[in-house]
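Trainee: Sharing a structure below in structure tokens format, with a few things to ask.
The values are calculated or read from the model by the stated rules, or taken from the named source; none is laboratory data. Since this is a predicted model, take the numbers as computed values, not measurements. Here the Cβ positions follow ideal geometry from the backbone for every residue, glycine too, while neighbour counts run over all protein chains shown.
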Amino acid sequence: MNNRRPPAPLLDAALVGVSLANAWVNVDFEEQPAMACALLGACALALRRRLPLTTFVLTVPTALITDAVFATTAALYTLSSLSRHRVLLVGCALAYGVTDFLPWPWWALKTSQLSGTRNLVHLSYTLATAAAPVFLGQLVQARRELSLRLTEITEAREHERLLASQSVLAQERAQLAREMHDVVSHQVSLIAVQAGALQVGGRDAETRQAAATIRQLSVQTLDELRHMVSVLRASGIRPTELTPQPSLADLRRLVDGSGIEAKLETDLPEDLPPTVQRAVYRTVQEALTNVRKHAPGATATVRVRCVDGTVLATVTNTAPTRPSLPLPSAHHGLAGLGQRAELLGGTVTAGPTADGGYELRLEVPFVQNR
């Protein structure tokens, strides 16, 4: 439903035009005082929004001297739609009705003109004519106020609904934080302890190195997990910053700590947007994790470069040299990478290579800062 109204200046100009036409039809051009009052009343309608009472007063002579009462009616309607002073509105309506009923000039009024059934009907008609714009204006004012009140109620309900949803979300986050702290943190701590024991008591250097890598990754995971738990618990109570987000400067540490033999080749500008840097980091992180899980003994090559305004990141691994162990997986990693890349206008593709390995490729466009 279209509730658009014409612009206020256009509507005011239309009312002035209709009032002038009403004066042209009902006023004799040779009667200069009457024509002056009619023109004054018509032009006064341009002030009806800013000075409604003054506008009505300026239009009263039109109803007193002439039959061109459109300007007075419009002014009284405007005053009624903008004012809450009931006594003032009643007085203005009576003034309009009396001036429209009494003949002009007043000093030529005869007593016989105020009596009789015909005059009583005429008086009733003029009073009804004066009351009509008052009632209509008050109705419009009540409708406008009701619309505003309904808008306020709707906004208040939306706010209450938002608060309720935030409360439910905060409870769910608190429950999730408890589960993560009580279950996941405990299990990762056991992994770190067992890896530390294996690192100390291992019989060969390769085993101790693998145990050290497992312990390092477990400790890092615990730190990130604890911070995530604190973020979940504080959500909705106070603003909480996430841990510093990874960037391309962290790629070397990520590759070196991946626990596999990997080579890193980078050729990128230094002013890449942070979102692009995080996308590259998370892609490399996911790819190296998949190599470690599904391709034991394989080596990996990480290449990150920029070509024609597009960041290309590829992680390619060779064929595994040992059979992989079945590990639990929800297969959400690649899907999450694809969604992240799609938000940046890029793509993620993955598939096997000709030599039995696997390749993960990220392409993300970017605008270089100048």
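Trainee: Any idea which residue in the range 36-73 is surrounded by the most Cβ atoms within 10 Å (Cβ to Cβ), counting only those that are touching a residue at least 40 places away in the same chain (Cβ under 8 Å) and of a type in the set (Gly, Ala, Ser)?
Mentor: Of everything passing the filter in the range 36-73, ALA71 is surrounded by the most Cβ atoms within 10 Å (Cβ to Cβ).
Trainee: Ok, one more. Kindly indicate the residue of the range 241-256 that is touching a Leu at 6+ places or on another chain (Cβ under 9 Å) and surrounded by fewer than 15 Cβ atoms within 10 Å (Cβ to Cβ) and also modelled with the highest pLDDT among those meeting that condition.
Mentor: Top of the filtered list is ARG252.
Trainee: Could you check, for the range 289-297, whether at least one of its residues is small (Gly, Ala, Ser) and free of Cβ contacts under 8 Å to residues at least 40 places away in the same chain? Before you say what the answer is, go through the steps one by one.
Mentor: In the first step, residues of the range 289-297 are kept if they are small (Gly, Ala, Ser); the result is 295, 297.
Checking which are free of Cβ contacts under 8 Å to residues at least 40 places away in the same chain leaves us with 297.
Checked the range 289-297: at least one residue is small (Gly, Ala, Ser) and free of Cβ contacts under 8 Å to residues at least 40 places away in the same chain.
Trainee: For ASP28, are the conditions met, namely being out of contact with any strand residue (DSSP E or B) (no Cβ under 8 Å at 6 or more places or on another chain) and under 19 Å from SER81 (Cα atoms)?
Mentor: Details: out of contact with any strand residue (DSSP E or B) (no Cβ under 8 Å at 6 or more places or on another chain): yes; under 19 Å from SER81 (Cα atoms): no.
Considered against the rule, which asks whether it is out of contact with any strand residue (DSSP E or B) (no Cβ under 8 Å at 6 or more places or on another chain) and under 19 Å from SER81 (Cα atoms), ASP28 comes out as no.
Trainee: From (1) out of contact with any Gly (no Cβ under 9 Å at 6 or more places or on another chain); (2) modelled with pLDDT of 85 or more, pick out the condition that doesn't hold for VAL311.
Mentor: (1)
Trainee: If LEU76 passes every condition in (1) at pLDDT below 85; (2) within 30 Å of LEU146 (Cβ to Cβ); (3) not small (Gly, Ala, Ser) but one, which one does it miss?
Mentor: Single failed check for LEU76: (1).
Trainee: Got a sec? Which of LEU169, LEU162, LEU176 is more than 30 Å from GLU359 (Cα to Cα), modelled with pLDDT of 80 or more, within 32 Å of the chain's Cα centre (by Cα) and among the aliphatic types (A, V, I, L, M)? Give the derivation first.
Mentor: Values: LEU169 fails: modelled with pLDDT of 80 or more; LEU176 fails: modelled with pLDDT of 80 or more.
Criteria check complete, one pass: LEU162.
Trainee: Being of a type in the set (A, V, I, L, M, F, W, C) and within 15 Å of THR266 (Cβ to Cβ) is the filter here, so list the residues in the range 289-316 that pass it.
Mentor: First, the residues of the range 289-316 that are of a type in the set (A, V, I, L, M, F, W, C): 291, 295, 298, 300, 302, 304, 306-307, 311-313, 315.
Matches in the range 289-316: ALA300, VAL302, VAL304, CYS306, VAL307, VAL311, LEU312, ALA313, VAL315.
Trainee: Ok, one more. Would you check if LEU272 is assigned by TED's automatic domain parsing to the domain that holds GLN339 and outside any helix (DSSP H, G or I)? Show your work before the answer.
Mentor: Details: assigned by TED's automatic domain parsing to the domain that holds GLN339: yes; outside any helix (DSSP H, G or I): yes.
Here the answer is yes, as LEU272 does meet what is asked.
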